[in-house]
Every structure is written in structure tokens, then in C-alpha cells.
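Since the structure comes first, as C-alpha cells, the remarks are kept for the end.
The values are calculated or read from the model by the stated rules, or taken from the named source; none is laboratory data. It should be emphasised that the depicted structure is a prediction, and the values quoted were computed from it without experimental measurement. Cβ placement follows ideal geometry from the backbone for every residue including glycine, while neighbour counts extend to all protein chains displayed. Heads up: the accessible areas ignore ligands, DNA and RNA and are worked out on the full protein's heavy atoms, side chains in. Shrake-Rupley method; radii C 1.70, N 1.55, O 1.52, S 1.80 Å.
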Amino acid sequence: MRWTSQLPDPSHFWIGLAPRSWPGDEGLWVDLGRGGLGASSTAATEVPDEWRSQPPDEVVYLPPVRQALESQRSHLVRSLMELGVPVVVQRPAEAGPVVDPESVVFDPLETLLAGKMEYLAELPAGAKVVWPLIAGLTDDRTQWEEGLAALAGAGVEHVQPLALDLEPADKRRLVERAGEAAFHALYHGEQPSENLFSCLAAARGFGPFLPRPLPSSGVRRENQRLGEQLAVAGELWLRVGRSESGGQDLYRSARLVDRDNHDLPALCREGNLGVFPWLDPLSSGVITDFVTTGTATLVQDLKEEYLASLA
């Protein structure tokens, strides 16, 4: 199996490594890394030999598989977790109980298309959920309110919207699934608003982004925790319409922090962040705030601004 590297960001569930091809579930599912519909192939699921000696510290994405291959994927998940690799394991919302819910993101696309909202109420407490946003199919505010109420009632911990970037082939598959009545909205409708969904979700206690899965140990784990704060700040900074340069500075610092092998939290506590010329003042402030207080004030302020923008 071959893997594609991508820059991790909160909008795409922190995924750093995604399979180039995958024996996916036969139904419709969301490609969390690409932000479109998932596609299936006959690829095998196995850990690359080189990962056994040098495990990746980026999040590895494992999409849903056909039922006959579920045990094979479960073996892959266990192998990666034993190596300390952070993973995102995707399952349909109607798939039932899971062995390791911490690594699972539930995908309710088929559930929403079928109108079977009862499956949302049956998800396990503490679950993480992606809500795919598709014009004409999953963009109804009444549906959002009903679904969010069901998820909150089930004790779901995180819900993140994802407005799908659909290729023509994706739209054709959806028309085949939903019928010709969906054609106009899919091809000519307005892209649903992640901002509006997140504002409604916030009223139920849900934040706009899922937390970042981290490596099991090591310096990179703590640095990536800092990178998470910087990337969330950068994403929210851009979403609320602040300067493009400021948002890109935050994202640039996030990526450099992720790759750095120094113990950045320790250097911060010692007052030595100034030795890194690539660390801009805005990003340095986020790191210092988070290391010293456990909370990045800029992230909280931007989150409040983003979630209040349509209130």
C-alpha cells in the first residue's frame, strides 16, 4: 500500500498520511483527507515495512472498509497504535460498537441521506463525528438542529462540519443515490456554511474542530501539541477575516514547530524561544501563553469571534 503525505490542518482532521487507494466501504462515505467523497479500490491494508523501524509521527488516516475486511483493518490499527502512531479511523455512524473509540471518527453521510436520525442518538458517549455538508442534501437547518440534539443527547463529545469539495464524478454518484431532484442544488447550489453549522453546534457545547491525535510519546508529541494551537489560531484567524499574512505566519510556525526536534516547551519556560529566527512574534505569543497557562488566549478569542459571527 502506498501513502500520500499532506500538510496537517484542523479542517481536514489533522491527517498527515492518507492511502493513495483504499478498499473502501461500498456505500457513500467522506474522504476526510481530501474533503470529497471517498473512492474504493482493491488495495490491501498493511503496515509499510519501513514504518516498523521508523514509525511516522503524523496522523495516519484509515477510511472505512468493506465489512469483510474490517478485521484486517482492525489488525492494521492495532499495529500502528503499538508503534505509537496517531491514527484517525473512520466508521459509518450505523456501524455499531467500536473497540477503540478514542481513535474513531464517525461518518453519518449514509444516515443523513436516508433520514435515519435515530442512528445518531445511538452513537457512544464521547464519540467524534464529522458532519458532511452537501448542498441540497445535508444543508437543511432543521436537520442540523435535530441531528445536533440527537448527538448531544447521546453524549457525543465532538462534531465537526466539513463542506465537501465535490468532483463531477462525486456529484453524479450523489444524484444516482438521491435522485434527479438533487441535481440542481448539487450543480448550482450554494456551498453550505461551516461557520453557520459551527455556531449552531456551539449552542450544544461543540467546538468547531476535533482535537489533534498525537504520537504516544517523545519530543514531537509536545511540539505537535503546540503546533495544534498555532494551526487552530491560523485557521480561525483566516476564517474571521483577519490579515492573510498573520494567518499564514501562524500556519508557517505551526509546521516548523511540528518538525522541530528541540524541546520547545522547555525552551519556552527558560525564555529561550528567541533562538528561533523563524518564530514570528504572534506565534511566539501563542506558544508562551499556552505553555505558561495551559490556554492560548488568542485561540479562545478567535474561537469566540468565529462562533459569534452569525449569532
Selected residue [small (G, A, S), in contact with a strand residue (DSSP E or B) (Cβ under 6 Å, 6 or more places away or on another chain) and crowded, with 19+ Cβ neighbours inside 10 Å] from A135, A93: A93
Index of the failed condition, R66 passing every other in (1) open to solvent by 50 Å² or more (accessible area, probe 1.4 Å); (2) modelled with pLDDT of 90 or more; (3) basic (K, R): (2)
Just one of T288, T292 is open to solvent by 60 Å² or more (accessible area, probe 1.4 Å) and over 19 Å from L196 (Cα atoms); which is it? T292
Among helices (runs of 4 or more DSSP H) entirely inside the range 215-311, those with 1 or more residues being among the acidic types (D, E) and more than 23 Å from Y61 (Cβ to Cβ) are 244-259, 281-293, 297-308
Only one of W14, W51, W29, W3 is farther than 29 Å from L112 by Cα, open to solvent by less than 40 Å² (accessible area, probe 1.4 Å) and touching a Pro at 6+ places or on another chain (Cβ under 7 Å). Can you tell me which? W3
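Kindly indicate which of V129, V105, V156, V98 is part of a loop (DSSP other than H, G, I, E, B), modelled with pLDDT of 95 or more, under 27 Å from L76 (Cβ atoms) and touching a strand residue (DSSP E or B) at 6+ places or on another chain (Cβ under 9 Å).
On the way: V129 fails: part of a loop (DSSP other than H, G, I, E, B); V105 fails: part of a loop (DSSP other than H, G, I, E, B); V98 fails: modelled with pLDDT of 95 or more.
Answer to the selection: V156.
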Would you mind telling me which numbered condition in (1) in contact with a helix residue (DSSP H, G or I) (Cβ under 6 Å, 6 or more places away or on another chain); (2) under 30 Å from M81 (Cα atoms) P211 fails? (1)
Restricting to the range 126-138, what's the tally of residues that are within 22 Å of E190 (Cα to Cα) and within 19 Å of the chain's Cα centre (by Cα)? 6
Pairs where the first residue, in the range 119-131, is in contact (Cβ under 8 Å) with a residue 24 or more places away in the chain and the second is of a type in the set (S, T, Y) and surrounded by 15 or more Cβ atoms within 10 Å (Cβ to Cβ), C-beta under 7 Å, 6+ apart: Y119/T111; L120/T111
Residue list for the range 243-272, filter: more than 22 Å from S5 (Cα to Cα), without any contact (Cβ under 8 Å) to a residue 40 or more places away in the chain and open to solvent by 20 Å² or more (accessible area, probe 1.4 Å): S243, E244, S245, A266, L267, R269, E270, G271, N272
Taking the stated definitions as given, is P211 outside any helix (DSSP H, G or I) and either among the basic types (K, R) or open to solvent by 30 Å² or more (accessible area, probe 1.4 Å) (or both)? yes
Criterion violated by H184 - all others in (1) open to solvent by less than 20 Å² (accessible area, probe 1.4 Å); (2) more than 15 Å from G207 (Cα to Cα) satisfied: (1)
Given (1) touching a residue at least 60 places away in the same chain (Cβ under 8 Å); (2) outside any helix (DSSP H, G or I); (3) touching a Leu at 6+ places or on another chain (Cβ under 6 Å), P192 misses just (1)
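Considering only the range 69-81, I want to know if a residue exists there that is outside any helix (DSSP H, G or I) and over 16 Å from H12 (Cβ atoms). Please lay out each step first, then the result.
So in the range 69-81, the residues outside any helix (DSSP H, G or I) come out as none.
No, the range 69-81 contains no residue that is outside any helix (DSSP H, G or I) and over 16 Å from H12 (Cβ atoms).
Would you pick out the residues in the range 227-257 that are more than 17 Å from the chain's Cα centre (by Cα) and more than 17 Å from E305 (Cβ to Cβ)?
Listed by number, the residues that qualify are S245, Q248, D249, R252, S253, L256, V257.
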